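The numbers here are math on the coordinates, done by the rules we state, and not lab data. This one's a predicted model, so the numbers in the text were calculated from it and none came from an experiment. Counting neighbours? That spans all protein chains shown, and the Cβs are built from the backbone with ideal geometry, glycine included.
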Protein chains: 2
Amino acid sequence: MNSIKIGILGLGTVGGGTVNVLARNADEIARRAGRPIRVTHAAVCNLTRKRICDTSGILLTTDPYEVVNDPEISIIVELIGGTTLARELVLAAIRCGKHVVTANKALIARHGNEVFAAAEEKKVIVGFEAAVAGGIPIIKAIREGLAGNRIEWLAGIINGTSNFILTEMRDKGRSFRDVLEEAQALGYAETDPSFDVEGIDAAHKLTILAAIAFGIPLQYERVYAEGITRITSQDIAFAEQLGYRIKHLGIARRTAVGIELRVHPTLIPMRRLIANVDGVMNAVLVKGDAVGHTLYYGAGAGSDPTGSAVVADIVDVVRALTADPENRVPHLAFQSSALADLPILSMGQTETAYYLRLHAEDRPGVLADVTRILGNLGISIEAVLQKELAEGETHVPVILLTQRVQEAAMNQAIAAIEALPAIRGPVARLRLETLS
Amino acid sequence: MNSIKIGILGLGTVGGGTVNVLARNADEIARRAGRPIRVTHAAVCNLTRKRICDTSGILLTTDPYEVVNDPEISIIVELIGGTTLARELVLAAIRCGKHVVTANKALIARHGNEVFAAAEEKKVIVGFEAAVAGGIPIIKAIREGLAGNRIEWLAGIINGTSNFILTEMRDKGRSFRDVLEEAQALGYAETDPSFDVEGIDAAHKLTILAAIAFGIPLQYERVYAEGITRITSQDIAFAEQLGYRIKHLGIARRTAVGIELRVHPTLIPMRRLIANVDGVMNAVLVKGDAVGHTLYYGAGAGSDPTGSAVVADIVDVVRALTADPENRVPHLAFQSSALADLPILSMGQTETAYYLRLHAEDRPGVLADVTRILGNLGISIEAVLQKELAEGETHVPVILLTQRVQEAAMNQAIAAIEALPAIRGPVARLRLETLS
């Protein structure tokens, strides 16, 4: 099938990430979408700047309208940000009958009603998954995955910079000012950090989430926004003593008399899952009347994660370009003709770390025998925990954590350990995963 | 627009929940789907049994083929479970050219390849979101939301009964057998609990997740399944001492030589978010090359949560029934003509609990003045934390947690408290949400 040609406006962090993801995973993406997707034309400010992506095969121009008007291109990806030129370009692309994908939260929150009305008139799609919470597919989850629900409320950690600052203040007792300077040095926070730390960025995202949750127009101007600049490490410590964490949340809640839309630092019980979302990570907790509480967690920013969301939107648009059944979402995500014949490994071939519990005679040399058996099979020990000899017992429990190894080797080791005369009964074996 | 007519096979827990969700949220769902969705025909075992849903307006029959062959119906929802009659009915519905939605994990894991091949031949859709992790839209997230990624691995708590048992064993030091009996009494576990505690149910779900993550056929027979029956509370305590939690995970991992598919109890570092998913809740952690780590959390079973997933699939199918642009997923989840004119509340109208930090003279009566001000405004105090007077200070920090109240009342209270002569400087105010 013919490839779909994409034009990108802006090849910075997100644009570069999108090109990289499309190139690196070209095969996987074509297997899902049913046809290849290629970036053929891109607009940049400076033709000679060093970029994070390979631009070979992409025609570069400094005139974004050249991309918007390219008749070969059916999808325009807007990644330049801001609400002036971006708005004009998106509206121009729609007027040309092109579909649009954007990561621009300010544009959607402030001008989305105008953009969507134009898109509906021209019967084109505007995808904006990347505008909220980076790589987390939160727009799709709420808009489609929870379509059967009356959404009651949602609460999100939707600004990674603020979450990073609050996490550092808590973990290390540092001041807001001190951590902000570090975040700027690390590139998490802009030189003008007010969008992040004054809650404006979170308010943009909350505007979008509330619209799709409740079916209301985008109303950025009605959002109450308060940032984290006045939080002290003292408050964080007091909250902790009372069993709470302070998180910067965007909250949208349906009440009997209207919708609450507010962004502010919030104490939440520390046992809640979302209270344990730390550093630059994002998470959105959604309460639906049927589904109950659901939570969506992941990276809220960054080149590849945001590129992941942009590409998901591109694939959705590509599927909608033609309406024949072959182009619906395939049952198994990939086209049935493109299923892979990858071997499934036997358990002996799988690799994991292990927790072993043995009961050993409490005398010197036993542990040395055990570690020799493991060492001969190339199994490294990560930790040993030897318990006290209990009253009236002759054997003590010994716990070993090992590094990763093939299960076949571990089976051999366990058989050899169980054959040692100083070991009583079978070795209890549990697998251990760091999930990193 | 004409309503879409649905036939349901089975009106038990999930079938009843589906009917309840469709009825309760009929308006919200029609606003999203662009037309009303009605259940008109249902097959049950016993016509007179008491049900959890209202069946008025639904023609009941004991012959499921009557529903499958009803020419008015375009979508058959299979909720009877099992792999014999359910398989025959699903294949018969497909042969009639009907779309199918099912919550049947065993059917999809064991016969999905056959079912999907039949569906592709007849150009109909088979939705199975409800087959994995109940209300969590995990199929949609992986299949569409992460379409740009090469999925590296996923690990899920996908059997709520096992997670409930392990959580109770950890929290209360109870034995496996003891907690299992309670779970059976509470209705979490079946009388024959082997599907849950031997890992078979989780293996069904892992089969499905692995297929859509890696683009491989469903291969249930290749999954290694180990349950939680041999876990002791001693192992849970030892793991805890080493910084780990024991969770029953389904793990699918891509390696250089093939795919690992395994279900077993697993130690995971207790600081990981998924290690803190407790009780009957489910969560799936997915690692994509572009998006990094994402986690999806929610109720893995139950009438309404599973009904939520069934309805999401129904809405997807309804949108695909006609291919005109008006029926694509609307930008704001709801049809633009159906956006609601709900009022957005001012911050004074919003309601939340509060954390107040004041600095008060360390003498009797000051706290009484503060609590009187709060009480007169109808604000209840949840907790008070009074700190020690620091060396050389005249005022002590006092922390108050209040119950929920309108912000306007709290603004009044704070103004009055700040006017007290014994209070120094402004009152620090943070909002507190229990997110329950």
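Worth a mention:
- Where labels lie 7 Å past Cα in the beta-carbon direction, separation of residue B:230 and residue B:45 in nm: 3.5
- Averaged over the residues of A:219-231, the number of partner chain Cβ atoms lying within 10 Å of the residue Cβ comes to 2.
- Span from the the stretch A:47-110 Cα centroid across to the the stretch A:184-216 one, whole angstrom: 22
- Each residue in B:363, B:429 was given a count of other beta-carbon atoms within 10 angstrom of its own, and listing them fewest first yields B:363, B:429.
- Residues residue B:271 and residue A:186, FRET efficiency given R0 of 25 Å [Cβ-Cβ distance, rounded to 0.05]: 0.70
- The stretch A:93-106 - phi-based ³J(HN,Hα) in whole Hz, Karplus 6.51/-1.76/1.60, Gly and Pro as x: 4, 4, 4, 6, x, 9, 6, 10, 10, 9, 10, 8, 5, 5
- When the Cα gyration tensor is reduced to axis lengths a ≥ b ≥ c, the ratio a/c is 1.5 or higher for the stretch A:208-284, and with a/b above b/c it is classed as prolate.
- Net length available on complete extension from residue B:83 to residue B:390 is 103.4 nm, with 0.36 nm assigned per residue and the Cα-Cα distance removed.
- Residue-wise HN-Hα coupling along the stretch B:51-58, computed from phi with Karplus coefficients 6.51, -1.76, 1.60 (Hz; x: Gly, Pro): 10, 7, 10, 7, 10, 5, x, 10
- Modelled label reach - residue B:241, point 7 Å along Cα→Cβ, the stretch A:356-393 residues with backbone N closer than 16 Å: A:356-362, A:383-391, A:393
- On the beta carbon distance between residue A:411 and residue B:171, with R0 = 35 Å, the FRET formula returns roughly 0.60.
- Relative exposure of A:108, B:80, B:94, judged by other C-beta atoms within 10 Å (fewest first): B:80, B:94, A:108
- Chain A: most fluctuating residue of A:189, A:409, A:256 per GNM, C-alpha cutoff 10 Å: A:409
- In Hz, Karplus ³J(HN,Hα) per residue of the stretch B:122-139 (6.51, -1.76, 1.60; θ = phi - 60°; x = Gly, Pro): 8, 6, 10, 9, 10, x, 9, 4, 6, 6, 10, 6, x, x, 5, x, 7, 5
- GNM flexibility winner over chain B from B:247, B:122, B:205 (Cα, springs under 10 Å): B:122
- Close amide H pairs (under 5 Å, H built 1.01 Å from N) link residue B:77 with B:7, B:8, B:9, B:101, residues at least 5 positions away or on another chain.
- Close amide-amide hydrogen proximity is noted between residue A:248 and A:266, each under 5 Å apart and 5 or more residues distant or on a separate chain (H modeled in the peptide plane; Pro and chain starts excluded).
- Shape call, the stretch A:138-299: gyration tensor on alpha carbons, a/c limit 1.5: prolate
- The protein assembly as shown: C-alpha gyration tensor shape, a/c 1.5 cut-off, then a/b vs b/c: rounded
- With contacts taken as Cα pairs under 8 Å and at least 6 residues apart, the stretch A:138-299 reaches a relative contact order of 34 percent.
- Folded to 0 to 90 degrees: helix A:366-376 orientation relative to chain A principal axis, Cα: 50
- Cβ crowding within 10 Å ranks A:371, B:102, A:62 as A:62, A:371, B:102, fewest other Cβ atoms first.
- For residue A:352, distant residues with modelled amide H under 5 Å away: A:405, A:407
- C-alpha long axis of helix A:13-24 to longest principal axis of chain A, angle in °: 70
- On Cα atoms only, tilt of B:200-214 relative to the major axis of chain B in degrees: 90
- Of all DSSP-defined beta bridges confined to the protein assembly as shown, some 70% are antiparallel rather than parallel.
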